[in-house]
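The values are calculated or read from the model by the stated rules, or taken from the named source; none is laboratory data. Note that the coordinates shown come from a computational prediction; the quantities given were computed from them, not determined experimentally. Every residue, glycine among them, receives a Cβ derived from its backbone with ideal geometry; neighbour counts consider all protein chains shown.
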Amino acid sequence: MIMPASPRRRILIIDDNPSIHQDFQKILATSESSTSLDALEMAIFGSPQARGGGAYSFEVDSASQGEEGVQRVKEAAAEGRPYALAFVDIRMPPGIDGVETTALLWKADEDLQVVLCSAYADYSWEEVAQRLGINQRLLILRKPFDNIEVRQMAHALAQKWDLSRQSRRRQEELAQAVAERTQELQASNARLRQEMDDRARLEAQLAQSQRLEAMGRLASGMANEISSPLGFVSTNLNHLRLALEKRNAGVPLEDPAELLDACRDAIQGTDRLKRIVQDVKLFARVSPQPGVAVDVRKVLEQALTRIELPAGSRVQRVLELQEVPPVLASDEGLTQVFLNLISNAIQALPADHPEPRLRLGTRPQGADAVVEIQDNGAGIEAEHLSHIFEPFYTTKPGGSGLGLSICHGIITGFGGEISVESAPGKGTTFRIKLPRAA
C-alpha cells in the first residue's frame, strides 16, 4: 500500500555557528541511514509503510542572528507559509541573545514553537522563565544535543503546532457560526417584533370594528324593542284623539269603557318603554367595578328571599351551599345578578311540570368560589346558547334581552366568569366563578 506524502513543515535554525546549521540540515532535512536511528523511528512511528504518512518531512531554513530570524518569521507569516518551529541559540554575539529573540518571534507569530539551544553555562531555566514566563510553546535543549533527541523533538513540536492551528481554526469557525446564527436570530427577532406589532394593530382594528358592530346591534335592538310598544302607544292615542275630535264636532262619544281600555293600553306601552330605557341605562353603566370582600352565600340566600313565587307554586327549592372563601365583588352587583338568574329559572319551569325544582349551590374551586343556579325546566335550544349573553337577544315574549347581558357585564367586571349549560327538556344551569378576595 502506498501512503500519501507526509506534510512538509518549515523549521528555522537561528545560530551564529555555520556548522550548527549543517548539523540540523543533516538531522532534519535528509534521511538518516544509521541502524540505530532507523530502529528508533521504527519503534516510534510504526512500520516503514506507516512512517511516510505518520512522520513529518521538514523544510529547513537558516538565520545567523536573532534580528534576521525575526525578519524571516515575519516574512513567512505574511506569505502564508509560517514556520512551525525555530531552534534558537542562546548566545549569538554581537546581536540580541536567544531569549530576546524568542520574545520577538512570538510577537511576529504567536503559534511558533521554540527550542532554546543552551550550554550548561548559559541561562538557567529559572532565569529564562523569569524573562519569558512559563510557556507551553518553549522547550530547552542542552548542548551537546543528540541527533535522535532533536528529530524526536521536531516531530512532536510540529504535531503540537498543527493541533494548535487546527484548534484556532476551529474556534474561528465556531465564532463565525455563532456570529451567523446570532445574525439570523436577530433577523428572526426583528421579524417577530414586526409580526407582533402588525398583530397588535390588527387586533386594535378588530376591537374597534367589534365595538362599532356592537353599537350597531345595540341601536338596532333598541329600535326593534322600542318600535313595538311605541306603535302600540301611538295607535291608542290616535284612537283617543279621533274620539275627542268627533265629540267636538257634535258626534256622540263611543263607549267610554272602550276609550278607557285604550288609555290603559297606552299606559302599558309607556311602562314597557320605561322598562326598556331603564334596562338600557343599566346596561350602559355596566363597567369593571372595584370589588370588596363579599360573603357570596349570604347574598345568594338574601336574593332568594326577595323572589315571590306565584300562589300555589309547587317549586321545590334546594340549597347546597358549601363553605367558600369571600369573593371579590359587591353586594349590590351580585344581588342583581342572582335575582335575574333565579327569576329566569322559575319562569323556565312549566306550570304542568310534575316536580319543578330550583337548586342553588356554592362550592370552592381552587382559590375561587363557584355559584350554580339550576332548574329542571324546559331548557334552551342549542342554537340559542351561544347568543344568550348578547344584548337584546331573547327567546321570551316581552323580554328586553338585556338581563343576561347585564349579568355578564357585572360578573366579568368583578374579574369572574359566567357560563351556561342546557339541553331541551333537561333544564338549565348557570355557573358563576368569582375570584377569591385578598
* **segment 425-435, residues that are touching a residue at least 60 places away in the same chain (Cβ under 8 Å) and not in a strand (DSSP E or B)** => PRO435
* To do: Answer yes if at least one residue in segment 143-152 is closer than 22 Å to TYR83 by Cα, among the β-branched types (Val, Ile, Thr) and under 54 Å from the mean Cα position of the chain (by Cα), and no otherwise.
  => no
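Could you look through segment 245-259, keep only residues that are in a helix (DSSP H, G or I) and touching a helix residue (DSSP H, G or I) at 6+ places or on another chain (Cβ under 9 Å), and pick out the one that is surrounded by the fewest Cβ atoms within 10 Å (Cβ to Cβ)?
To start, the set of residues in segment 245-259 that are in a helix (DSSP H, G or I) comprises 245-248, 256-259.
In the following step, the residues that additionally are touching a helix residue (DSSP H, G or I) at 6+ places or on another chain (Cβ under 9 Å) were identified as 258-259.
On the way: GLU258: 11, LEU259: 16.
For segment 245-259, the residue satisfying everything is GLU258.
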* Structure fact -> Picking from LEU218, LEU212, LEU192, the residue that is at pLDDT 80 or above and either assigned to a helix (DSSP H, G or I) or surrounded by 10 or more Cβ atoms within 10 Å (Cβ to Cβ) (or both) would be LEU192
* Of the residues ARG165, ARG142, ARG137, which is modelled with pLDDT under 90 and under 16 Å from ASP89 (Cβ atoms)? -> ARG142
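Picking from LEU112, LEU132, LEU105, which residue would you name as being under 53 Å from the mean Cα position of the chain (by Cα), surrounded by 15 or more Cβ atoms within 10 Å (Cβ to Cβ), modelled with pLDDT under 85 and not polar (S, T, N, Q)? Give the steps one after another, and end with the answer.
Values: LEU112 fails: modelled with pLDDT under 85; LEU105 fails: modelled with pLDDT under 85.
Selected residue: LEU132, the only one of LEU112, LEU132, LEU105 that is under 53 Å from the mean Cα position of the chain (by Cα), surrounded by 15 or more Cβ atoms within 10 Å (Cβ to Cβ), modelled with pLDDT under 85 and not polar (S, T, N, Q).
So how many residues does segment 310-369 have that are among the small types (Gly, Ala, Ser) and more than 17 Å from GLU417 (Cα to Cα)? Outline the logic, then answer.
Let us first name the residues in segment 310-369 that are among the small types (Gly, Ala, Ser), namely 311-313, 329-330, 333, 343, 345, 348, 351, 361, 366-367, 369.
The next check asks that each one be more than 17 Å from GLU417 (Cα to Cα); those that pass are 311-313, 343, 345, 348, 351.
Number of matching residues: 7.
What are the residues in segment 410-432 that are farther than 30 Å from HIS353 by Cα and of a type outside the set (S, T, N, Q), if any?
Those that are farther than 30 Å from HIS353 by Cα and of a type outside the set (S, T, N, Q): ILE410, ILE411, GLY413, PHE414, GLY415, GLY416, GLU417.
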* Which listed residue, of GLY312, GLY377, GLY361, is in a loop (DSSP other than H, G, I, E, B) and at pLDDT 85 or above -> GLY377
* Quick check, is PRO325 at pLDDT 85 or above, in the same structural domain as ILE411 (by TED's automatic domain parsing), touching a strand residue (DSSP E or B) at 6+ places or on another chain (Cβ under 8 Å) and more than 27 Å from GLY425 (Cα to Cα)? -> yes
* To do: Any chance you could count how many residues in segment 148-171 are free of Cβ contacts under 8 Å to residues at least 12 places away in the same chain and farther than 17 Å from LEU138 by Cβ?
  => 5
* Structure fact -> Among residues of segment 405-424 being of a type in the set (Ser, Thr, Tyr) and in a strand (DSSP E or B), the residue surrounded by the most Cβ atoms within 10 Å (Cβ to Cβ) is SER422
* Which members of segment 334-354 meet the condition of being in contact (Cβ under 8 Å) with a residue 40 or more places away in the chain and assigned to a loop (DSSP other than H, G, I, E, B)? -> ALA348
* Unique residue being in the same structural domain as GLU301 (by TED's automatic domain parsing), acidic (Asp, Glu), touching a residue at least 24 places away in the same chain (Cβ under 8 Å) and buried (at least 19 other Cβ atoms within 10 Å of the Cβ) when the list is ASP331, ASP375 -> ASP375
* Could you list, in sequence order, the residues of segment 4-19 that are among the hydrophobic types (A, V, I, L, M, F, W, C) and modelled with pLDDT of 90 or more? -> ILE11, LEU12, ILE13, ILE14
